Amino acid sequence: MSNVNKRTSSIARGINASFWFSKLSAFFTVDLLIILVSLGLFGYRSWKTIPEDEVVRRFSLTGHSYKDVMLNYFTDSSQYSFSMSEYIIFVGIILIAVIAYQWLDLIMSFSHTARIRRKLRPLNELALKAEAISEVPLDTTKFEELEEAILKVPADKTGAKISTGDQDLASIEAALNSLLYRMQEARIQQARFVDDASHELRTPIAVIQGYANMLDRWGKDDPAVLEESITAIKNESENMKELIDQLLFLARGDNGRQKLSMVKIDLSDVMREVWEESAMIDPDHKYIFEDSENCFITGDTAMIKQSVRIFVQNAAKYSDKGNTIKLAVNKSGDKIIYTVQDEGIGIAGEELSHIFERFYRSDKARNSATGGSGLGLSIAKWIIDAHNGNVEVLSRQEIGTRITVSFDSYSEET
């Protein structure tokens, strides 16, 4: 312990000495600048008194004491001399005051060693603890027990935990079990994602293959079969392309490669554009839009618009013809909120917590011809999360669903 304290004091003295010499060098530079600048100003003011038609060829300083020092300018025909005694006295007074302050500050700096030592005290205590730990004899038995417990955990068993029964290793076991749980969840989610993706891709491929076989058998001679097959193959190819695009979007998002162009956005303008295009391409539903002013957020315009489109398309997909779909945007405190509300089939309470999971579709959606891939809401949720937003879903079966999305309002600091 005494060695550590001595080492800390030595470090503190070294740091203080380094600062002391740096300060001394800075003071010397300041004093030199004061002399040079004041001399330059005196010489310039003296030179300005010489007639303009005279050209100064050289200058010199003469005198044996500060009382008779002269600054001499020599022209082609004359000599001009200026007494510097008053200047020397004035600058000397300034320098004496500055140097006195500087030396006082340098003398006071010697007392900073104790202050530096106090600042280093936490590091000193840490060094003492590290030294104490290093002196404790290392017992490798516990680590061997922990290693053996880790090796016994089956890699493919869900819910498996590490346990040694040693209280000294309890905190390490808890940390490792938490890590193991997250790894198992990630593996299960990845396996589910691959299974669902394979299933979703298998359907359009099977349809395309079926129609291709039908074309091979009867399509060569039957125009009706030919037209039906080509139409079906084109539709399924488009569905498969859309599914793959959605998968790629989510994959880029998971890998951090989905770039966002964050700018100031008027959310009212975005909602109005989606409302206008929806009313134009979907005459089977009645679209209503409620506007508000100064609804600015920071975000990627295309991404925000895509999230709104997904909610609006879902509302239209699960609403009967003639039903009303309402879009609204408003400001509440420091939040900007948009809502999409429909009069559709609604969502069962036990399904609400799953609707943003990838490939999840409710029972009614699975039985519907417009069930989709189950990725749209996952993409919308990713976009909202990427903008630090929040989404809430309120739904009642046979009454309708309301999606509420909130973002932080625009700030110059964001």
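The values are calculated or read from the model by the stated rules, or taken from the named source; none is laboratory data. From a predicted model like this one, the values you see are computed outputs, not experimental measurements. All Cβ positions, glycine included, derive from the backbone under ideal geometry; neighbour counts span all protein chains shown.
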Restricting the stretch 255-277 to residues that are charged (D, E, K, R) and more than 19 Å from the chain's Cα centre (by Cα), which is surrounded by the most Cβ atoms within 10 Å (Cβ to Cβ)? D266
Just to check your reading of the model, which residue among N235, N213, N239 is part of a helix (DSSP H, G or I), among the polar types (S, T, N, Q), under 29 Å from Y338 (Cβ atoms) and not assigned by TED's automatic domain parsing to the domain that holds D334? N239
Take the conditions at negative phi, among the hydroxyl-bearing types (S, T, Y), assigned by TED's automatic domain parsing to the domain that holds I384 and surrounded by fewer than 20 Cβ atoms within 10 Å (Cβ to Cβ) and apply them to S332. Does it pass? yes
Search result, residues across the stretch 48-66 that are aromatic (F, W, Y) and either exposed (fewer than 10 other Cβ atoms within 10 Å of the Cβ) or modelled with pLDDT of 85 or more (or both): F59
Test K161 against the criterion of being of a type in the set (D, E, K, R), modelled with pLDDT under 70 and outside the structural domain of F359 (by TED's automatic domain parsing), and give yes or no. no
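In the list A12, A100, which residue meets the criterion of being more than 30 Å from L128 (Cβ to Cβ) and of a type in the set (G, A, S)?
Numbers: A12 fails: more than 30 Å from L128 (Cβ to Cβ).
Residue meeting the stated conditions: A100.
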What number goes with the only condition from (1) modelled with pLDDT under 85; (2) hydrophobic (A, V, I, L, M, F, W, C); (3) over 30 Å from S18 (Cβ atoms) that I93 does not pass? (1)
Exception for K23 within (1) within 23 Å of M108 (Cα to Cα); (2) at pLDDT 85 or above falls at (2)
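Restricting the stretch 349-372 to residues that are of a type in the set (A, V, I, L, M, F, W, C) and modelled with pLDDT of 65 or more, which is farthest from E392 (Cα to Cα)?
Quick first cut of the stretch 349-372, residues of a type in the set (A, V, I, L, M, F, W, C) only: 352, 355-356, 359, 365, 369.
If we keep only those that are modelled with pLDDT of 65 or more as well, we get 352, 355-356, 359.
Numbers: L352: 10, I355: 11, F356: 11, F359: 19 Å.
Residue satisfying both the conditions and the ranking: F359.
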Which pairs have Cβ atoms under 7 Å, sit 6 or more apart or on different chains, and link a residue in the stretch 314-341 that is more than 17 Å from E277 (Cα to Cα) to one that is of a type in the set (F, W, Y) and not in a strand (DSSP E or B)? none
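Among I304, I337, I310, which is the only one that is under 26 Å from A251 (Cα atoms), touching a strand residue (DSSP E or B) at 6+ places or on another chain (Cβ under 7 Å), among the β-branched types (V, I, T) and not assigned by TED's automatic domain parsing to the domain that holds R202?
Details: I337 fails: under 26 Å from A251 (Cα atoms); I310 fails: touching a strand residue (DSSP E or B) at 6+ places or on another chain (Cβ under 7 Å).
On inspection, the qualifying residue turns out to be I304.
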Hey, does the stretch 277-291 have a residue that's assigned by TED's automatic domain parsing to the domain that holds E392, closer than 14 Å to I403 by Cβ, among the β-branched types (V, I, T) and in contact (Cβ under 8 Å) with a residue 12 or more places away in the chain? no
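So for the stretch 217-226 (the condition being under 23 Å from S378 (Cα atoms), of a type in the set (F, W, Y) and in a helix (DSSP H, G or I)), does at least one residue qualify? Please lay out each step first, then the result.
Filtering the stretch 217-226 down to residues under 23 Å from S378 (Cα atoms) leaves none.
No: zero hits.
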